[in-house]
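Take a look at the structure set out below.
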Amino acid sequence: MDPSLRTRRPLAGLPVFATALALTITASAPSLAVAQDPGLYSEARSQLAAGDTLAALASLREMTEAEPDFAAGWGLLGRVLTERASGVATDFRERQEADRALRRALALDPDHPLYLLALGQLMRKQQMYVDAQRVLGRASEAMQRSPDRLPPEERAELWFQRGLFYEDAYLDTRGLMFVPDLPVQSPDCGIVGTFCLNFVRPKDFNEYFRHAGDLSEDGDDDFERTLDAFRRALEAYPAHDAAFRRLTIHLVDRGDYAEALRLARRYRAEAPDSPWGYFTLGLICQRTGRDSLAEVEFDRGLELAPPNIAAHYRDISPLLRATQAESYQRQADQARQLMEGIVWRKSDPLYLTPGNEVRVAHLARVTYADLMFEDPSEGVWGAETEQGVVYVRYGAPQRIWQVHRNAAREESDPEAQSSMQGGGRWIFWNYGWELPNFIFQKQLRWRHASHILSGYSKAMEEEVREAIPAVYSTSFDLFGHPLQLARFRGAADTIIELDVYSEVPADELLSAADSLEVGFFLFTGAEHQEIYRRALRIASPPRPQALTYSLPLLAGWYTYSVEARAASGKAAVRRAEVELEPFLDGVLALSDIVLANSVAPRTQEPTRRRDFAINVNRRFEFDPDLPLAIYWEVYGLSQDEGGFAHYQVTLSVSDAEGGGVLARVTGALGRLFGLSGEEALELTYERLVELSGDRVPEYMTMEFADSEPGEYRVRVQVTDQLSGASVVGERTFTVTGL
């Protein structure tokens, strides 16, 4: 097979029609006896079977000159040229040669169904739809008169081409609306601005569609003819991959997952080595919420796929900003695979599940786009068409509106407007009533749709990609949940202890007492390598459940994920990055301030946080009538000759505007320091402590006078009276309404 042809038609690894040729050249009977086959004809068939299309064409051209009355030679030449021929209007050389060859073959062997099939296919590429329908009808009649004349693969191909013909008409009515007053221009834009109102006042523009008439039913008959033709193709030859893809994607698009599933399973049994059965099963499973099974199907399809198909499905460029995608594309295969692994590990929305739901959603989008937007007559991946690119990045639009191009209102210059509109369709992809639409244009019966000529839609796509490269959602409800994180010195100055205080929203995940899967996951390094995983199942009533994790770690950047998942599929995730810096010997430092509902020592002489009963407030929310407790640790204090540290603590609370708030210290420490009952904007006390370790724990309980609902900040400053060093710690919290 010619490498350039393989590039043009990547979807099946080989062109659909050329594949049929390669499979059936030994079974398809020529017009003359086999003994009379010219040697060049037999050689061309062998070359086609070996995948060398250019050599086969050279042999066929030479053969037809030497044997001008050999119908099978002209027919095979016309069929190969038809398959290679482009549908681009200015690219007509191969179409003209194909037309001459096929008409010569039919003159020598009238009503041969294969030659009529190829001629009808060629006329479709030439957009001669009336003639194409007539010729394809003749091919069907000829086949039905002599069904044994064609092998199953060729009968299937004939029905497939008829299906494409009806499908062209159906696609012109998919989402078709009647919007007689739709403005092509508006006062906000100049004469070159097509549909400017869509971009400058999208909400107003979209109002034109709210009460538009629905004309999509006009295509119902063509849709049924399309499905019937593809089904007949599969009845003739169940392993016809293109007919399978076209039929399946329409079933999926209409939400008929049961029939699509049966079809995909049958095709997989008929063609177990084809990746398409697995890819479509992955799409169906993802659409029906079975993400883990979908990932299994996709991975099996990738294992079976030829290198060009596997590389296309592994390509993560659509998820990246343009500059990142360019860098990724320049990388060698090994570096690209490394980057792919990093992206997918980071994007996994729920590490508790065995699969990666975002990766599955991406592969499902690529599969859908490849199947829905492919043109079996042209060599473009569906996911790489202009509509396919948008679909892969942002998923299915909430609404698709298609209108006649001549339905838009002609305003300032009717003559210029008519020239600009021509025939065809405008296609609007809407992702929200108040959002601008991506706008595409297409000619009637022409599958390729491109951004509008003015470039506004394309410019919007590029701007959106820079801000939000891709958007994915899960097939299950995903909740957030509160969490407080604190860093403390570990057993040595090279170790940091990370405490994570989480509150799982079991009241949102469960409707009755049941079990929950809960987990804590930790990743590090630029490669996002997992270094810690703790997952278990707990019994829980339907109310918030407190979870606490504590890990000793080295300095560095980490990503953590605290997760919970119910049997219903609902899940909660809290994920973020955290930087850990060491608490060095001799350097004054504070731990993070822990906000709590209460703090009480467990022993007479507590030396670290394990010696305290800390009722951590995991929501950072406090009732105005209840006290606020805080806990922190001081490290690196200087000592005098007697081993004592002397330091001063200044504590204050401010509101969202930075104004001081009156606070009153309560509890045992308030009485010990003589602060109990005293109200002040800033509370200061000094301590003289005999150091018996590498830290001094501190805690305080406060009440606020006349506190209003809102956000507040508590600030602790510790000054070492011996060294003069000072350090500050802060934490924000919210006082709730009464």
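The values are calculated or read from the model by the stated rules, or taken from the named source; none is laboratory data. Keep in mind it's a predicted model, so treat the numbers as computed, not measured. We place every Cβ from the backbone using ideal geometry, glycine too, and count neighbours over all the protein chains shown.
Worth pointing out:
- Test: residue in the stretch 511-521 that is touching a helix residue (DSSP H, G or I) at 6+ places or on another chain (Cβ under 9 Å) and either modelled with pLDDT under 95 or part of a strand (DSSP E or B) (or both): yes
- From the list Arg95, Arg124, Arg103, the lone residue that is outside any loop (DSSP other than H, G, I, E, B), at pLDDT 85 or above and outside the structural domain of Leu444 (by TED's automatic domain parsing) is Arg103.
- Residue pairs whose Cβ atoms lie under 7 Å apart, sitting 6 or more positions apart in sequence or on different chains, and linking a residue in the stretch 697-725 that is on the phi > 0 side of the Ramachandran plot to a partner that is crowded, with 17+ Cβ neighbours inside 10 Å and assigned to a strand (DSSP E or B), are Gly710/Val735.
- Elements of type helices (runs of 4 or more DSSP H) in the stretch 172-275, at least 1 residues being β-branched (Val, Ile, Thr): 196-200, 220-236, 241-253
- Among the residues making up the stretch 417-457, a single one is at pLDDT below 85 and of a type in the set (Val, Ile, Thr): Ile452.
- In the stretch 315-334, residue nearest to Glu463 (Cα to Cα) [restricted to those that are surrounded by 12 or more Cβ atoms within 10 Å (Cβ to Cβ) and charged (D, E, K, R)]: Arg321
- Among residues of the stretch 438-475, those that are of a type outside the set (Lys, Arg) and touching a Ser or Thr at 6+ places or on another chain (Cβ under 8 Å), counted: 12
- Qualifying residue in the stretch 240-257 (condition: closer than 20 Å to Tyr394 by Cα, of a type in the set (Val, Ile, Thr) and crowded, with 21+ Cβ neighbours inside 10 Å): yes
- Consider the stretch 561-604 and keep the residues that are β-branched (Val, Ile, Thr) and touching a Leu at 6+ places or on another chain (Cβ under 7 Å). The one that is farthest from Val696 (Cα to Cα) is Val573.
- Meets criteria (part of a helix (DSSP H, G or I), touching a Lys or Arg at 6+ places or on another chain (Cβ under 8 Å) and surrounded by 15 or more Cβ atoms within 10 Å (Cβ to Cβ)) for Leu363: no
- Odd one out for Tyr267, checked against (1) under 31 Å from the mean Cα position of the chain (by Cα); (2) over 18 Å from Glu374 (Cβ atoms); (3) without any contact (Cβ under 8 Å) to a residue 40 or more places away in the chain: (2)
- Number of positions in the stretch 681-738 that are over 20 Å from Phe612 (Cβ atoms) and hydroxyl-bearing (Ser, Thr, Tyr): 9
- In the stretch 351-410, of all residues being within 15 Å of Leu171 (Cα to Cα) and β-branched (Val, Ile, Thr), the one that is modelled with the highest pLDDT corresponds to Ile400.
- Residue among Leu595, Leu584 that alone is among the aliphatic types (A, V, I, L, M) and either in a loop (DSSP other than H, G, I, E, B) or more than 20 Å from Val727 (Cβ to Cβ) (or both): Leu584
- From the list Val665, Val634, Val616, Val649, the one residue that fits, being of a type outside the set (Ser, Thr, Tyr) and at pLDDT below 90, is Val665.
- The set of residues in the stretch 636-652 being closer than 16 Å to Glu730 by Cα and not aliphatic (A, V, I, L, M) consists of Thr650, Ser652.
- Among the residues making up the stretch 619-658, those that are closer than 27 Å to Glu711 by Cα and not in a strand (DSSP E or B) are Arg619, Phe620, Asp623, Pro624, Asp625, Leu626, Pro627, Ala656, Glu657, Gly658.
- Annotation: of all residues in the stretch 692-710 being more than 17 Å from Leu626 (Cβ to Cβ) and exposed (fewer than 14 other Cβ atoms within 10 Å of the Cβ), the one that is modelled with the lowest pLDDT is Ser692.
- Search result, residues across the stretch 124-160 that are under 30 Å from Ile427 (Cα atoms) and touching a Pro at 6+ places or on another chain (Cβ under 9 Å): Phe160
- Boolean, Glu374 is farther than 17 Å from Thr280 by Cβ and among the acidic types (Asp, Glu): no
- Flag for Arg104 being surrounded by fewer than 18 Cβ atoms within 10 Å (Cβ to Cβ) and either under 26 Å from Leu247 (Cβ atoms) or out of contact with any Leu (no Cβ under 6 Å at 6 or more places or on another chain) (or both): no
- Applying the condition of being polar (S, T, N, Q) and surrounded by fewer than 24 Cβ atoms within 10 Å (Cβ to Cβ) to the stretch 107-147 and asking which residue is farthest from Leu444 (Cα to Cα) yields Ser146.
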